[in-house]
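The values are calculated or read from the model by the stated rules, or taken from the named source; none is laboratory data. Model, not experiment: these values are computed from the prediction. Using ideal geometry, Cβ is built from the backbone for each residue, glycine included, and neighbour counts are taken over all protein chains shown. Note: areas computed on protein heavy atoms with side chains; ligands, DNA, RNA excluded. Shrake-Rupley method; radii C 1.70, N 1.55, O 1.52, S 1.80 Å.
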Amino acid sequence: MNHPIDELFGVLVDRGGSDLHLLESQPPKIRRHGEVMPIREDPLTHDEMVRLLQPICSPPAWKRFLETGDLDFAYEMDEANRFRCNFYRQLHGLGAVFRIIPTKIKTLAELGVPPVIESFGDYKSGLVLVTGPTGSGKSTTLAAVVDSINTRYSRHIVTIEEPIEFVHPNKNSVITQREVPNETPSFATGLKAALREDADVVLVGEMRDLETIALALTAAETGLLVFGTLHTNNARKTVDRIIDAFPSDQQEQIRTMLANSLRAVCAQLLLKRSDGGGRLAVNEILISNNAVAAIIREGATMKLNDVLKTGKAEGMQLMDDAIAGHLQAERISPMEAYMKSIDKQRFQALLPQDAGIG
């Protein structure tokens with residue numbers, strides 16, 4: 001069944017965009033290779049927004065949106081095109097953002113991420129965190145890891161997502177996918193249930209509150225392999241965010257739990273290619289070992305960078321080193337390297353003199 005919004009989705013797909021932005025009183029816009037651009041001149045009216053948005057979600061979901069002002073779900077236009085949808089209220093009325101979800105799950109090799117990431121699926125238990133800002137490809141990388149486990153192992157994999165983005169067919173594993181709030185009320189509730197569902201692997205779409213983080217740590221300690229995401233851009237900040245989520249009187253105990261259960265942190269950013277051919281993923285990778293566990297127990301996370309520098313043989317890498325590698329290979333511009341780096345001074349001298357920075 002065709003809906004009025006499908007015409008705009010068609011424009012998004014034809015122009016090679018990643019996101020469609022609809023804002024009442026603004027023209028519709030798409031994001032392509034990181035840049036947002038309008039696709040027509042006329043602004044969207046309130047009536048047009050309702051006509052575009054209401055038909056693609058269920059009546060209960062639309063009612064919930066009108067009551068709360070927020071709604072997340074997935075919409076399948078056809079077999080080849082699926083979208084992650086976010087409806088929201090904004091200053092001038094209704095708003096919505098739609099992201100294309102590829103129906104084919106790319107392999108880790110196709111994504112061009114470091115090969116060590118595939119080994120994350122080999123762990124029997126523990127916590128693996130994939131982190132980065134919104135739109136950095138965390139879900140795509142995690143889908144590839146889950147698909148690798150699904151292909152190579154016979155396990156029960158439970159995913160808890162809001163919304164479900166990539167739909168996984170059962171291969172060698174059995175996959176249970178649950179959407180918040182349609183199949184389970186919250187990430188924490190879904191994670192609690194997974195402990196009773198004979199799960200081997202659990203993917204938590206977002207570790208956004210203390211209860212979910214605490215349950216993820218407990219599940220990892222009791223023998224499950226738990227994958228989770230956080231909005232942090234390097235390994236040190238990720239460890240700090242987990243610890244800081246807890247009251248100060250619990251943090252020593254949490255440091256011990258995290259030191260015992262953490263297996264790896266993969267921070268991810270997307271960089272604009274200098275040839276205009278889209279974007280590429282860049283990763284910081286921390287693999288937990290005795291030194292990492294000791295640093296976490298001590299609360300001395302500033303020392304993690306030293307481990308990242310000396311752990312290359314284990315597959316570790318610093319974000320800035322990875323960015324420097326892409327810059328040296330001329331895949332990205334000096335300005336892109338500078339903007340996305342953590343240590344700005346390292347790249348500032350490489351900027352053109354007219355960049356206006358310094």
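Quick notes on this one:
- A count restricted to the range 87-106 and to residues that are under 26 Å from residue 147 (Cβ atoms) and either at pLDDT 95 or above or in contact with a Lys or Arg (Cβ under 7 Å, 6 or more places away or on another chain) (or both) stands at 5.
- Answer residue from the range 126-147, given it is of a type in the set (S, T, N, Q) and open to solvent by 10 Å² or more (accessible area, probe 1.4 Å) and is farthest from residue 116 (Cα to Cα) among those: 134
- Of all residues making up the range 340-354, the number that are under 17 Å from residue 279 (Cα atoms) and exposed (fewer than 14 other Cβ atoms within 10 Å of the Cβ): 0
- Condition met for residue 185 (closer than 19 Å to residue 71 by Cα and either modelled with pLDDT under 95 or of a type in the set (Lys, Arg) (or both)): yes
- Test: residue in the range 13-35 that is polar (S, T, N, Q), at pLDDT below 95, open to solvent by 60 Å² or more (accessible area, probe 1.4 Å) and over 24 Å from the mean Cα position of the chain (by Cα): no
- Selection count where residues are over 14 Å from residue 227 (Cβ atoms) and either among the β-branched types (Val, Ile, Thr) or free of Cβ contacts under 8 Å to residues at least 12 places away in the same chain (or both), scope the range 253-271: 3
- Remark: pairs (first residue in the range 7-24, closer than 16 Å to residue 54 by Cβ; second residue β-branched (Val, Ile, Thr) and open to solvent by 10 Å² or more (accessible area, probe 1.4 Å); Cβ separation under 8 Å; 6+ apart in sequence or on different chains) = 8/39; 22/97; 24/45.
- Within the range 205-238, if we keep just the residues that are of a type in the set (Asp, Glu) and part of a loop (DSSP other than H, G, I, E, B), the residue that is nearest to the chain's Cα centre (by Cα) turns out to be 206.
- For the range 266-304, the set of residues classified as open to solvent by 10 Å² or more (accessible area, probe 1.4 Å) and part of a strand (DSSP E or B) consists of 269, 270, 272, 279, 280, 281, 287, listed by residue number.
- Looking across the range 305-339, just one residue is in contact with a strand residue (DSSP E or B) (Cβ under 6 Å, 6 or more places away or on another chain) and open to solvent by 70 Å² or more (accessible area, probe 1.4 Å), and that is 314.
- Condition met for residue 119 (under 30 Å from residue 20 (Cα atoms) and assigned to a helix (DSSP H, G or I)): no
- Filtered by the rule that a residue be open to solvent by 20 Å² or more (accessible area, probe 1.4 Å), closer than 30 Å to residue 123 by Cα and outside any strand (DSSP E or B), the range 248-265 gives 250, 251, 252, 253, 255, 256, 257, 260.
- When 106, 63 are screened for being of a type in the set (D, E, K, R) and under 25 Å from the mean Cα position of the chain (by Cα), only 106 passes.
- Which numbered condition residue 154 fails, given (1) part of a loop (DSSP other than H, G, I, E, B); (2) touching a residue at least 40 places away in the same chain (Cβ under 8 Å): (2)
- Yes/no for residue 99 being open to solvent by 30 Å² or more (accessible area, probe 1.4 Å), outside any loop (DSSP other than H, G, I, E, B) and in contact (Cβ under 8 Å) with a residue 60 or more places away in the chain: yes
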